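The structure under discussion appears below in the form of structure tokens.
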Amino acid sequence: MLSSEEMDNLMVRISKREMAALEEFYEVMSKAVYGLAYVITKSPYDAEDIMQNTFIRVWDKAHRYRSGTNAKAWVMKIARNLALTKREEGKRFVELDEELPSEDMYRKMLQFQELNSLLSILKKEEKEIVVLYSVGFSHKEIAEILKRPYATVRWKYSNAISKLSQKEQSFEYAKSICRKGE
């Protein structure tokens, strides 16, 4: 991931309508945006839409970004707000003429379903913190994105990791019992 200064420079260039800067920004941030959107919506299709809409919004609103602030946090706030809005809409339409997912998309869906299953024991905010941390955000940046105190974010992250560790140990134990019966 780029430094805060490099991200800030990209945002300044985007505000000057430089498409190459947006492309570079997309390459750096798209996985994090997708991951957060997926955790909130639990839909790979909605997460993909939100990811695209986030970068459209970045392009359209880059002039509102204040240079010297945290560009990564600014983008993740946009993504989070879009995802929360989508989730609250609760609209799930399936178009009949929609193509089936590609093999790569299907593999990603399975990976995210496995991850979502593991994260299911966590509260909503704990999931967000774990996902944001796993894609490279610091606790300080996560606190800024979620508008929570730094100490609260660190505490919730620690508790979430503890819960996940216990669940993973239980899962491994159950798998070992199943193997013994084979």
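The figures follow:
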| item | result |
| --- | --- |
| Hits in segment 117-158 (condition: among the polar types (S, T, N, Q) and open to solvent by 50 Å² or more (accessible area, probe 1.4 Å)) | 117, 120, 134, 158 |
| Test: residue in segment 2-19 that is within 21 Å of residue 87 (Cβ to Cβ) and not in a helix (DSSP H, G or I) | no |
| Wholly within segment 50-164, helices (runs of 4 or more DSSP H) carrying at least 2 residues that are under 30 Å from residue 15 (Cβ atoms), in contact with a helix residue (DSSP H, G or I) (Cβ under 7 Å, 6 or more places away or on another chain) and modelled with pLDDT of 90 or more | 71-89, 139-146 |
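The values are calculated or read from the model by the stated rules, or taken from the named source; none is laboratory data. All values derive from a computational prediction rather than experimental measurement. For neighbour counting, all protein chains shown are included, and Cβ atoms are generated from backbone atoms with ideal geometry for every residue, glycine included. Note: accessible area is taken over every heavy atom of the protein model, side chains too, but ligands, DNA and RNA are not part of it. Shrake-Rupley method; radii C 1.70, N 1.55, O 1.52, S 1.80 Å.
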